[in-house]
Amino acid sequence: MEKVVRGFYSIAHSVKLCKPNVIAAYPITPQTEIVENLAEMYANGELGDCEYVTAESEFGAASILVGASAAGARTFTATCSQGLILMSEVLINAAGMRLPIVLVNTNRALSAPLSIWNDHQDSMVLRDGGLMQIHVETNQEAHDMVPVAFKVAEDHKVMLPFMINMDGYKLTHAYEPIDLLEQEMVDTFLPPYNPPVYMTTKDPLTFGSYAPPQYYAEFRVALQNAMERARKVLEKAYKEWAEITGRDWGGHIVAEGVEDADLVAISMGSLTGMVRDVISELRNQGKKVGLLKIRTFRPFPAKEVRGALKDAEKILVFERAVSFGHGGPVGMEVKSACFGLTPEFYSFAVGLGGRDVPREEIVRIISDVYYGKVDQGFHFGTVKPFEEVIV
Amino acid sequence: MNYFGPGHGACPGCGLTIATRNVLEALEGKCFVANSTGCLEIVSSQYERSAWGVPYIHSLFENAGAVAAGIDLALKALKRKGEGKVVVFAGDGATADIGIGTLSGMFDRNHDVIYICLDNEAYQNTGNQQSGLTPLGSNTTTTPVGELFPGKMGRKKDMVSIAVAHGIPYVATASVAFHADLRRKVKKAAEIEGAKYIQIHSPCVTGWGIDGKQTILSAKLAYETALYPIVEYENGELTRVRKIKERKPVEEYLKIQRRFRHLFKHPKGKEIISMLQKIADENAAKFNLDV
């Protein structure tokens with residue numbers, strides 16, 4: 001049933017149909033309306049036997065879900081920015097304990113300076129935490145990825161936390177017509193959570209034991225192996241979802257017109273729509289340009305990325321975050337995936353802290369790279385001239 | 001199988017293990033344990049050597065209150081409440097300092113959780129650093145005795161009042177010196193729906209500088225001097241105290257412990273001892289401890 005709803009609701013509705021057992025909530029802009037929508041459903045008895053709890057902090061919310069998940073519950077929360085990094089100690093711990101917590105991160109910049117607006121700095125900080133991460137381009141994609149997240153996180157071959165990244169404001173606050181899922185469709189796709197192990201007095205197990213040096217490394221190998229297995233499990237879930245719903249969002253990546261492209265532009269998240277628009281216009285003008293949308297960020301689809309870029313002469317990454325002291329975090333991954341290939345490499349950080357990215361900026365950056373007007377390497381997008389106080 | 005041990009690596013005479021065993025036995029093992037990082041966790045949860053015979057989880061240092069709340073919610077949602085009680089074991093630092101936020105949240109939402117604070121009055125797992133529950137004058141590695149300072153300056157944080165102020169249905173202190181009293185309190189807590197807080201005075205052999213055989217003696221003297229009142233609150237009302245027949249001067253308690261020994265030599269020691277005696281007198285008056 002198609003309905004015009006905000007990005008928040010596209011998540012909340014989908015979460016409801018996934019029948020979570022425990023939802024932990026803590027407000028933060030621009031996530032709050034997700035947990036508000038869920039609270040309303042809870043207040044109206046629409047969440048079945050689910051326990052909805054208001055935590056004392058994001059740290060508390062994530063910790064509540066650790067306990068709930070270990071006890072065998074399907075769990076959900078949403079957060080972003082300062083909230084996500086406050087949760088980070090818990091989420092990294094949950095990954096190590098192999099707890100399939102699902103969360104939505106409404107991407108927002110990190111302080112300082114304080115910014116409530118969108119970029120990808122928050123989720124990038126969690127890059128090495130052991131969470132699966134995907135980025136969505138639209139609210140329909142966000143809506144569709146919630147059941148996929150639960151299915152993959154809870155797969156016995158995987159058992160890892162799953163974070164769906166959706167751009168704050170750009171998606172969360174946007175009204176879009178969404179083909180809202182029906183319960184039956186989700187039930188067909190997503191079985192009830194059947195934890196391989198959980199806390200029960202019937203079979204008392206120890207969770208979160210400490211590992212001296214003779215054991216620790218094997219746990220980390222197991223985590224890495226789970227991430228490796230998650231590639232296939234995730235890809236299979238993407239395909240199955242496309243079959244059931246008729247909406248195919250692609251695999252780990254979506255490559256458009258890369259086969260004959262001299263220049264391939266790379267993007268994650270909501271910016272992709274505009275990059276695609278510019279690319280297709282340039283193609284119509286006869287320019288050999290292509291687009292690579294990265295959907296899965298962890299596990300990183302290095303093989304697929306390399307395959308899509310093998311013939312490119314120039315690679316251009318639109319970054320939404322910075323790894324200070326190095327460059328753009330997506331570009332770093334792309335470069336490592338392309339090791340041994342010899343394309344020119346360009347990376348531009350745009351839209352930091354919600355800075356508007358006008359179409360002209362995308363056009364300018366692409367044509368500057370296309371015509372060789374800029375040096376290779378990492379750049380910032382449009383920045384005003386300013387005087388640094390500490391120099 | 002035992003609820004706790006064999007196989008733990010605690011020091012001989014450790015107060016924590018005495019307290020833990022008594023709590024688990026009072027609950028007849030029908031419980032889910034959330035344990036914060038600390039001595040108890042380290043001595044009992046090593047991979048392949050877990051001493052726990054009950055379902056057990058250790059997540060982080062500062063989140064046992066929230067983890068327990070999550071277990072409580074899951075059991076409710078999954079209709080498994082009958083399986084057992086949710087119990088936290090957390091040290092004094094995990095409770096009164098780093099984890100007080102998640103503890104307060106758990107109290108505030110009144111989860112059906114028995115929170116046991118194993119109070120050995122410092123961060124003993126890292127080697128005796130001061131916590132909010134370290135008493136005045138104690139020599140710790142972060143409040144060392146020097147020319148200027150005779151150990152920790154400042155009082156022990158009143159966690160009992162903080163717990164009572166949350167309006168939770170049951171708050172008590174207990175001591176490893178009084179097993180029957182401790183077990184009675186745990187059993188009573190298990191009968192009450194909602195958040196429960198029991199703070200158990202649990203001497204630390206290494207941190208306090210006592211002999212392994214002096215654990216019970218030390219805990220008993222803390223009670224007999226009124227430095228550690230044994231009290232019980234139900235629904236915010238003080239309902240029971242453990243009366244003291246012949247209250248002893250605080251020196252009796254202080255002199256047997258290395259952490260207080262400097263008070264008998266340091267130029268400011270006398271003043272600290274008199275302040276500690278004043279705290280004990282105040283406790284005795286507040287709770288009407290003297291027979």
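Quick notes
- As a summary of the residue check, A:ILE92 satisfies the conditions (1) aliphatic (A, V, I, L, M); (2) touching a strand residue (DSSP E or B) at 6+ places or on another chain (Cβ under 9 Å); (3) without any contact (Cβ under 8 Å) to a residue 60 or more places away in the chain except for the one numbered (2).
- Index of the failed condition, B:ILE198 passing every other in (1) within 14 Å of the chain's Cα centre (by Cα); (2) under 16 Å from B:ALA90 (Cβ atoms); (3) surrounded by fewer than 24 Cβ atoms within 10 Å (Cβ to Cβ): (3)
- One residue from B:THR95, B:THR126 being more than 30 Å from B:GLY194 (Cβ to Cβ), out of contact with any Gly (no Cβ under 6 Å at 6 or more places or on another chain) and not charged (D, E, K, R): B:THR126
- Residues located in segment A:4-56, provided they are in a strand (DSSP E or B) and in contact with an Asp or Glu (Cβ under 8 Å, 6 or more places away or on another chain): A:VAL4, A:VAL5, A:ARG6, A:VAL22, A:ILE23
- A:SER123 surrounded by fewer than 24 Cβ atoms within 10 Å (Cβ to Cβ), of a type outside the set (A, V, I, L, M, F, W, C) and more than 10 Å from chain B (Cβ to nearest Cβ): no
- A:LEU271 passes every criterion in (1) buried (at least 19 other Cβ atoms within 10 Å of the Cβ); (2) in the same structural domain as A:LEU160 (by TED's automatic domain parsing) apart from (2).
- Residue match in segment A:6-13 (condition: of a type outside the set (Val, Ile, Thr) and more than 22 Å from the chain's Cα centre (by Cα)): no
- Filter result (under 23 Å from the mean Cα position of the chain (by Cα) and assigned to a helix (DSSP H, G or I)) within segment A:57-67: A:GLU58, A:PHE59, A:GLY60, A:ALA61, A:ALA62, A:SER63, A:ILE64, A:LEU65, A:VAL66
- Within segment A:70-89, if we keep just the residues that are part of a helix (DSSP H, G or I) and within 7 Å of chain B (Cβ to nearest Cβ), the residue that is surrounded by the fewest Cβ atoms within 10 Å (Cβ to Cβ) turns out to be A:GLU89.
- Whichever residue in segment B:104-136 is among the small types (Gly, Ala, Ser) and closer than 22 Å to B:CYS14 by Cα and, among such residues, is surrounded by the fewest Cβ atoms within 10 Å (Cβ to Cβ): B:GLY127
- Residues that are aliphatic (A, V, I, L, M), surrounded by 24 or more Cβ atoms within 10 Å (Cβ to Cβ) and more than 9 Å from chain A (Cβ to nearest Cβ), drawn from segment B:76-103: B:VAL87, B:VAL88, B:ALA90, B:ALA94, B:LEU103
- Residue within segment A:293-304 that is crowded, with 20+ Cβ neighbours inside 10 Å, outside the structural domain of A:GLU137 (by TED's automatic domain parsing) and among the acidic types (Asp, Glu) present: yes
Here's the yes/no breakdown for (1) in contact (Cβ under 8 Å) with a residue 40 or more places away in the chain; (2) at the interface with another protein chain (Cβ under 9 Å from one of its Cβ atoms); (3) surrounded by fewer than 22 Cβ atoms within 10 Å (Cβ to Cβ):
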{"residue": "B:GLY7", "(1), (2), (3)": "yes, no, yes"}
{"residue": "B:ARG21", "(1), (2), (3)": "no, no, yes"}
{"residue": "B:GLU25", "(1), (2), (3)": "yes, no, yes"}
{"residue": "B:ASN35", "(1), (2), (3)": "yes, yes, no"}
{"residue": "B:GLY38", "(1), (2), (3)": "yes, no, no"}
{"residue": "B:ILE42", "(1), (2), (3)": "yes, yes, yes"}
{"residue": "B:GLY53", "(1), (2), (3)": "yes, yes, yes"}
{"residue": "B:TYR56", "(1), (2), (3)": "no, yes, no"}
{"residue": "B:ALA74", "(1), (2), (3)": "no, yes, no"}
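- Against the criterion of being closer than 20 Å to A:VAL148 by Cα and facing chain B (nearest Cβ under 8 Å), A:GLY67 does not qualify.
- Failed item in (1) more than 14 Å from chain B (Cβ to nearest Cβ); (2) surrounded by 24 or more Cβ atoms within 10 Å (Cβ to Cβ); (3) in contact with a helix residue (DSSP H, G or I) (Cβ under 6 Å, 6 or more places away or on another chain), with A:MET41 passing the rest: (2)
- Pair list, Cβ under 6 Å, 6 or more apart: segment A:95-120 residue assigned by TED's automatic domain parsing to the domain that holds A:ASN225, other residue in a strand (DSSP E or B) and of a type in the set (S, T, N, Q): A:ILE101/A:THR75; A:LEU103/A:THR77; A:ASN105/A:ASN165; A:ASN107/A:ASN165; A:ASN118/A:ASN107; A:HIS120/A:ASN107
So that you can scan it fast, the table gives a plain yes or no per residue for (1) closer than 20 Å to A:ALA78 by Cα; (2) touching a strand residue (DSSP E or B) at 6+ places or on another chain (Cβ under 6 Å); (3) more than 10 Å from chain B (Cβ to nearest Cβ):
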residue: A:PHE162; (1), (2), (3): yes, yes, yes
residue: A:ASN165; (1), (2), (3): yes, yes, yes
residue: A:TYR169; (1), (2), (3): yes, no, yes
residue: A:TYR175; (1), (2), (3): yes, yes, yes
residue: A:PRO191; (1), (2), (3): no, no, yes
residue: A:MET199; (1), (2), (3): no, yes, no
residue: A:LYS202; (1), (2), (3): no, no, no
residue: A:PHE207; (1), (2), (3): no, yes, no
residue: A:ALA211; (1), (2), (3): no, no, no
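- A:ILE28 being more than 12 Å from chain B (Cβ to nearest Cβ), in contact with a Gly (Cβ under 7 Å, 6 or more places away or on another chain) and within 21 Å of A:GLU89 (Cβ to Cβ): yes
The values are calculated or read from the model by the stated rules, or taken from the named source; none is laboratory data. Just so it is clear, the model here is predicted, and its values are computed rather than measured. Every residue, glycine as well, gets a Cβ built from its backbone with ideal geometry; the counts of neighbours run over all protein chains shown.
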